[in-house]
1. Could you check segment 64-119 and list, in sequence order, the residues that are under 16 Å from Arg161 (Cβ atoms) and either modelled with pLDDT under 95 or in a strand (DSSP E or B) (or both)?
2. Step by step: first the residues of segment 11-32, then only those that are among the small types (Gly, Ala, Ser), surrounded by fewer than 24 Cβ atoms within 10 Å (Cβ to Cβ) and over 17 Å from the mean Cα position of the chain (by Cα), then the one that is nearest to Leu74 (Cα to Cα). Which residue is that?
3. Within segment 55-100, take every residue that is open to solvent by 20 Å² or more (accessible area, probe 1.4 Å) and β-branched (Val, Ile, Thr) and give me the one that is farthest from Ala224 (Cα to Cα).
4. Test of understanding: among Leu180, Leu203, Leu210, which residue is open to solvent by less than 10 Å² (accessible area, probe 1.4 Å), at pLDDT 95 or above and over 28 Å from Arg109 (Cβ atoms)?
5. Give me a count of the residues in segment 238-264 that are aliphatic (A, V, I, L, M), part of a loop (DSSP other than H, G, I, E, B) and either under 16 Å from Ala305 (Cα atoms) or at pLDDT 95 or above (or both).
6. Test Trp172 against the criterion of being touching a residue at least 60 places away in the same chain (Cβ under 8 Å) and more than 15 Å from Gly23 (Cα to Cα), and give yes or no.
7. Considering only segment 185-206, I want to know if a residue exists there that is touching a Cys at 6+ places or on another chain (Cβ under 6 Å), farther than 29 Å from Leu261 by Cβ and of a type outside the set (D, E, K, R).
8. Can you name the residue in segment 260-270 that is within 27 Å of the chain's Cα centre (by Cα) and surrounded by 13 or more Cβ atoms within 10 Å (Cβ to Cβ) and is also nearest to Val184 (Cα to Cα) among such residues?
Amino acid sequence: MAVAQRPDGRPVVALTGATGFIGSAVRAELAARGVPVRALVRGEPVPDGHTDWVPGDLADRDALDGLCAGAGVLLHLASRVAGDADECAAVNDRGTAAVLAAATRAGIRRIVHLSTTAVYGAGPHDGIAVDGVPAAPLSAASRTRLLGEGHALAAGAAVLRPALVTGTGDRWVVPALAELARRVPGRWAGGEARLSLVDRTDLARLITGLALDAPGPVAGVHHAAHPEPVRGGDLLAALAGLGLLPAPDGPSLPWEECRRLLAATPGRVSERQFAMIARDHWYRGDEVWRLAACPPGPGPLARLAAAAPWYRTVLGL
C-alpha cells in the first residue's frame, strides 16, 4: 500500500511528541530527507522552517483531526513517562486512543507508535523475543503505555518497544550511571549484564524507515534496540574512555551486595531502575530493522563520542 503523498510526490507525516527526546530526532531525520511534517504542539512551536505546527494536545479532537487530515503516515511518539495514574492515563491511554481515532477518520494506514520494554516489568530478561514473558508493568506510566499499545494494535500500527536510549538529550541513562558509579562502586555482576541499547539517532532512522521505506505498513509489536546487546561493563568503560565516568574498576559485586550499597547511600535512582542497568535486560530485535529497510548502524557505543559534549554539560564536567 503506497503512502499518501502531496502533489509534489512527498508524503505528509503527522507527528506527536515532536519536541521530545525521540521526536526531535525523528523530526530532524524527516527534515534531512525533505519530508513535510505536520506536528502537534502544546506550547510555543519551534520555528525550524520545515514543520507545520498544529497547536493543541491529545485531548483536542479538532487539533487531532487537523493533524491527521491529508497525512499518509502517523508517528505517535508522545508519552507521559512520570506522574500519577490519571496524568499518565490522560496521555498514554486516552490520548493514544484519541489520536488513533483521528488517524482512522483520516484514512491513515501507516502508523508507528512508541512504547517501552518497561511494560514487561521487573527482570532480569535475557534475550527474550517479543512477549517472551508476560507483561507485568510496575508503574502508572508503563501500565498506561501498555493500554496505549492496545489502541495502536487495533489500528494496525507498528508498536516499538525500546529499552535504554542514549545520545544527545538523554537525561536518564548516562546521568543515572554517573550517580550509580558513586553510590555502588565496583563492577556490578562483574560487568557481564547484557543490555538492549539504541542511540536516539538510530532509533529515529528506524522510525523513519518504517514510515517511509518499508514496502508496506508494518504491524505488531517489535523491540527497538540495536540487534547486538551491550555488556554493562563495556558501556561503563566506553563512558570512562570519554572522560564521562570513572573507570569501572573495583570488586565484582553480586546483586545482593549491589542492593545493600544502593540502600546505604540514598539518591535519585531507585533499586528497580538500577536493576534495569545492572542486570540482564536484553530483548531480541533483529527483524524490525529488516522490515524497515534500515541498517542498524555501528551500535550505541560507537555513537557515544558524538553525544559526549551533551553529557559533559548535563553531568557538570
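The values are calculated or read from the model by the stated rules, or taken from the named source; none is laboratory data. Bear in mind that the values here come from a model prediction, so they are computed numbers and not experimental data. All Cβ positions, even for glycine, are placed from backbone atoms using ideal geometry, and neighbour counts span all protein chains on display. Protein only, heavy atoms only, side chains kept; ligands, DNA and RNA dropped before computing areas. Shrake-Rupley method; radii C 1.70, N 1.55, O 1.52, S 1.80 Å.
1. Answer for segment 64-119, where residues must be under 16 Å from Arg161 (Cβ atoms) and either modelled with pLDDT under 95 or in a strand (DSSP E or B) (or both): Leu75, His76, Val81, Ile111, Val112, His113, Leu114.
2. Per the criteria, the residue is Ala31.
3. Per the criteria, the residue is Val91.
4. Only one candidate qualifies: Leu180.
5. Adding up the residues that qualify gives 3.
6. Spelling it out, it is not the case that Trp172 is touching a residue at least 60 places away in the same chain (Cβ under 8 Å) and more than 15 Å from Gly23 (Cα to Cα).
7. yes
8. Selected residue: Leu262.
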